[in-house]
Amino acid sequence: AVWKSGLRGVHTEVPSIAKSIVNHVQTTLARQAYNLDNAGAYGAVAHTVRDDLIINWNDTQMHYTRKAPKRAYYLSLEFLMGRTLDNALLNLGTKDAYKESVAKLGFNVEDLIDSERDAALGNGGLGRLAACYLDSSASQEIPLWGYGLRYEYGMFQQLIATDGSQLEAPDPWLTHANPWEIPRLDVTYDVRFYGHAERFDDKNGIWSGGQEVVAVAYDVPIPGYATKNTNNIRLWKSAPKRGFDLNSFNAGDYERAVESSNSAEALTKVLYPNDNHMVGKELRLKQQYFWTAASLADIMRRFKNTDKPIKEFPDLVAIQLNDTHPTLAIPELMRILVDEEEVPWKDAWEIVTKTFGFTNHTVLPEALERWPVPLFQHLLPRHLQIIYDIDFEFLQAVEKKFPGDREKLARMSLIQEGMPQYIRMANLAVLGSKKVNGVAELHSQLVRTTILKDFVEFYGSSKFGNVTNGVTPRRWLDQCNPDLSNLITETIGVPKTTWLKDLYLIKGILDKVDDETFQKKFAAVKRKNKERLAAYIHSTLGVTVDASAMFDIQVKRIHEYKRQTLNLLGVIHRYLSIKALTPEERKKVNKRVVIFAGKAAPGYYIAKLTIRLIVNVARVINADPDTAEYLTLLFLPDYSVSLAELLVPASDISQHISTAGTEASGTSNMKFTLNGGLLVGTVDGANIEIAEEVGEENVFFFGHLAATVEDIRYQHAYHPVPVEQKSPALARILNEVSSGRFGDAHVYEPLLNTIRQSDYYLLTDDFDSYLEAQKMVDDIYSKDPIGWIKRSITSVACMGKFSSDRAIMEYAEEYWNIERVKLE
Ligand code: 26V
């Protein structure tokens with residue numbers, strides 16, 4: 001294939017690959033080839049692949065520069081990449097050749113692949129989505145770069161203590177050199193903080209003094225699948241502007257001498273481990289400004305190299321804001337244009353509002369970013385002036401359109417009144433953007449009718465759209481489930497390199513849904529994946545699970561809105577029900593293995609209690625000989641992208657059970673369904689669109705709808721009904737937990753009280769409906785196994801829409817107005 005054979009030496013043949021590996025052992029690693037361990041072999045292989053990536057990277061960037069097309073930039077504080085080697089080999093089309101070369105040298109390529117550490121520069125959905133979008137942009141030949149931070153410590157490692165509590169350990173992922181990055185020590189920008197700002201009558205100004213920190217670029221090549229196009233993620237590392245303070249050094253005060261250089265380096269030390277929860281820390285705001293300022297300076301420098309007049313900036317540049325985290329890019333671009341480029345304010349604002357797009361990923365109020373004005377003023381005095389100027393003009397326009405509506409003005413202002421005042425980043429992102437979108441139909445609808453309602457009335461609805469999320473089928477089907485991928489290829493008679501880039505083509509397997517031979521092969525793939533997971537469970541937890549049992553999986557961040565507790569209470573119900581049966585009756589029970597995994601934010605008390613309760617309930621259930629054959633409950637520690645790659649292909653059902661209206665989209669729901677696991681879910685996020693595609697009869701829906709949630713919360717507050725009345729089954733289970741049956745009764749009271757008292761997430765209202773859905777699952781799985789397989793086949797076949805290729809093309813065509821630029 002063409003994309004494999006670069007003119008200047010992407011390694012495609014076994015001898016040249018082997019030669020290069022040995023060469024890297026001896027030179028790059030400075031080691032002897034004859035006593036090499038797996039880690040050394042991994043390093044040498046990675047460096048050989050890195051060479052391949054760099055050749056394509058260079059060719060692509062040269063091609064983009066020469067053609068000077070409009071480019072898109074994806075600004076994201078998180079890129080949850082996972083491992084790179086396997087994906088690079090797949091996308092380059094060289095996996096077989098490498099496998100053979102590595103074998104010749106006495107190693108197994110799968111072992112090397114598994115020895116790689118995850119790049120975990122993200123919390124969850126938002127960061128993993130960014131990683132899928134980069135893969136899709138390169139694969140679809142869309143000229144796009146990601147911009148982010150090069151955190152020295154990624155997402156913390158999760159340990160589970162003997163009492164079941166989550167413990168956190170740092171993730172020093174860079175301690176063994178990272179072969180997947182290219183340091184660009186010559187690409188640097190100075191970024192200012194603090195200091196003094198002056199503003200003049202034309203709304204231009206000067207910002208001076210304060211402290212400067214240097215941003216240093218590190219590039220991560222992103223190969224497209226079955227194309228030479230290789231995109232880029234540019235990650236910034238902070239460094240002190242001057243090595244250290246020589247005066248203090250000479251005076252013998254060594255601590256003082258390195259103080260400011262340490263504080264500069266602290267900026268990119270660590271990823272904030274909060275997901276869907278805002279904490280107003282100065283260091284976080286510093287990270288946001290450091291990253292947006294460096295990225296914009298870099299984008300501006302690239303634009304200026306084209307020698308186009310500044311008003312054509314939006315014809316060559318589209319910048320997508322991944323949530324509000326990079327919203328400072330809006331006042332920063334204004335500052336560059338007005339203060340540095342001397343563009344009149346009005347023209348500058350026109351440029352800005354043609355350049356940016358804003359994606360919202362949550363409507364949870366506690367996740368909406370607001371910064372205290374005093375903190376902001378101290379750190380970014382000039383940007384505060386600019387924000388005040390934007391706000392002033394905007395409020396005048398609102399007043400003109402809706403005269404006398406003081407409350408509307410107060411709601412829409414960039415400044416929230418109070419002591420202190422706050423800056424509302426979502427409002428700023430809306431004002432500064434050409435288009436705003438949510439991440440699934442229901443979510444985008446909620447954005448338009450709740451948090452941004454006033455803005456829709458003001459701007460009109462055409463500014464507010466939807467792009468339903470997607471996932472890359474390269475990692476989330478071909479890499480994690482090669483047997484299913486091969487089965488699809490042989491069944492639909494279309495080459496893998498075609499259907500993996502046009503996922504709608506997998507519909508072809510529908511022809512075989514009634515074919516017994518195909519059903520058997522399909523079921524055998526699932527079984528093998530479950531056995532692979534069972535082996536992992538045995539090796540990590542020492543627990544033996546029966547791969548013939550139903551595997552029921554809920555893996556995602558631990559959060560009240562995602563309702564892991566609802567699942568757990570359902571498991572306790574199942575346990576008590578089985579226990580109440582006679583040994584004879586038990587023989588008819590559908591066997592289940594229920595698996596949880598996920599991290600809790602270190603400061604999120606209730607989420608951490610949830611983990612502790614899961615672990616302790618598991619301890620009791622798994623030790624009970626009456627039920628052991630029928631029910632196993634597991635909490636797998638340290639959930640990660642790599643662990644997801646093992647879990648996703650092995651589910652019979654997976655759970656996506658957020659309170660309706662709270663989960664913006666979800667993306668693991670797409671991954672599980674694409675791999676033949678059925679969904680138990682609420683009518684929320686992308687669950688709805690998955691059901692539209694695969695057929696509602698193939699999804700186990702339950703629970704109240706988003707439209708009624710507010711009314712129910714009102715009832716909770718003003719006409720509360722005791723749990724005993726609403727759901728006797730639930731009341732009994734809560735009492736069992738309170739009675740100490742699962743240990744430490746008093747420890748769990750705060751968690752149980754969230755349900756007994758305000759029950760904000762409606763567990764009491766949805767519990768019985770949840771049990772009914774689970775009963776349907778049990779009935780169909782145990783009584784109609786063929787029917788189950790057919791549902792599973794049909795689901796896979798209908799998942800074409802959820803490729804991130806579709807999503808990235810929607811952004812390209814409808815939001816950025818950019819086209820493919822193929823490297824020949
Ligand atoms: C927000 C914040 C708030 C400030 C402090 C730290 C922090 C860190 C991350 C976030 C992002 C929250 C939004 C988020 O992750 N949303 C998820 O986005 C997924 C991709 O669109 C979507 O599938 C999930 O449903 C949604 O929860």
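Centre-to-centre separation between the Cα atoms of segment 369-400 and those of segment 538-590: 51 Å.
Relative protection proxy for 639-646, 194-201, from highest mean packing down: 639-646, 194-201 (other beta-carbon atoms within 10 angstrom).
A DSSP coil position with no more than 15 other Cβ atoms inside 10 Å describes none of the chymotrypsin sites (Phe, Trp or Tyr not before Pro) in segment 279-348.
Taking segment 753-779 and a reference point 7 angstrom along Cα→Cβ of VAL721, the backbone N atoms nearer than 15 Å belong to 759, 762-770.
Diffusion coefficient (Stokes-Einstein, Kirkwood radius over C-alpha pairs, 25 °C, 0.890 mPa s) for segment 330-403: 173 µm²/s, rounded to a whole number.
Could you give the length gained on full extension between LYS591 and ARG532, defined as 0.36 nm per residue of separation minus the Cα-Cα distance, in nm?
Residue separation times 0.36 nm, minus the Cα-Cα distance, leaves 19.4 nm.
Given R0 = 56 Å, the distance between the Cβ atoms of LEU576 and GLU417 translates into a calculated FRET efficiency of 0.60.
When only alpha carbons are used to place a centre, segment 593-610 and segment 437-499 end up 27 Å from one another. Suppose we keep just the DSSP beta bridges with both residues in the chain; what percent of those would be antiparallel, to 5? In the chain, DSSP labels about 40 percent of beta bridges as antiparallel.
Counting Cα-Cα pairs of segment 451-580 in 10 Å increments starting at 0 gives whole-percent bin shares of 9, 22, 27, 23, 13, 5, 0. Convex hull volume of the C-alpha atoms in segment 561-654, normalised per residue: 103 Å³. So what's the back-of-envelope 222 nm ellipticity for the chain, counting only DSSP H runs of four-plus at -39500 (n - 2.57) apiece and dividing by all residues, rounded to 500? Calculated from helices alone, the mean residue ellipticity at 222 nm is -14500 deg cm²/dmol. Determine, from the Cβ-Cβ distance of ILE780 and ILE54 and an R0 of 51 Å, the FRET efficiency 1/(1 + (r/R0)^6), rounded to the nearest 0.05. After rounding to 0.05, the efficiency reads 0.50.
At a 10 angstrom cut-off on C-beta neighbours, averaged per residue, how do the peptides 567-574, 528-535 rank from highest to lowest?
The densest-packed peptide leads the list: 567-574, 528-535.
Distance from the Cα centroid of segment 760-824 to that of segment 292-337 is 36 Å (rounded to whole angstrom). Give the cross-link partners of LYS67 among the aspartates and glutamates, using a straight C-alpha distance below 20 Å as the criterion and excluding same-chain residues fewer than 8 apart. Output for LYS67: ASP59, GLU141, ASP298, ASP307, GLU312, ASP315, GLU813, GLU819, GLU824.
Dipole of segment 541-779 computed with +1 at Lys/Arg Cβ and -1 at Asp/Glu Cβ about the Cα centre; of GLN715, ILE606, ALA660, farthest Cα towards the positive end is ILE606. Dividing the Cα radius of gyration of segment 541-779 by 2.2 N^0.38 Å, with N the residue count, gives 0.97. Segment GLN32..PHE249, full-extension length gain: 73.9 nm, with 0.36 nm per residue of separation and the alpha-carbon distance subtracted. Would you mind getting me the FRET efficiency between GLU13 and LEU541? Use the beta-carbon distance for r and R0 = 56 Å, nearest 0.05. Calculated transfer efficiency: 0.85. Taken over the alpha carbons of segment 24-101 as equal point scatterers, the Debye sum produces base-10 log I(q)/I(0) values at 0.10 Å⁻¹ of -0.37.
Compute the signed sum of charges (Lys and Arg +1, Asp and Glu -1) over the other residues within less than 12 Å, Cβ to Cβ, of ASP768. Net local charge, ASP768 excluded: -1. With the convex hull drawn around the C-alpha atoms of the chain, the volume per residue stands at 182 Å³.
If we count every other residue with Cβ under 12 angstrom of GLU141's Cβ, Lys/Arg +1 and Asp/Glu -1, where does the sum land?
For residues surrounding GLU141, the net value is +2.
Restricting the trypsin sites (Lys or Arg not before Pro) of segment 68-132 to loop positions (DSSP other than H, G, I, E, B) with no more than 14 neighbouring Cβ atoms within 10 Å leaves nothing. Here the spin labels are modelled as points 7 Å beyond Cα on the Cα-Cβ line, and at ARG66 and ARG619 they lie 6.6 nm apart.
Full extension of the chain between ILE606 and LEU510 yields a length gain of 30.1 nm, computed as 0.36 nm times the residue separation minus the alpha carbon distance.
Bear in mind these aren't lab numbers, they're just calculated from the coordinates by the rules spelled out. Keep in mind the model is a prediction, meaning the values are calculated, not measured. FYI the Cβ positions are ideal-geometry reconstructions off the backbone, even for glycines, and counts take in every protein chain you see.
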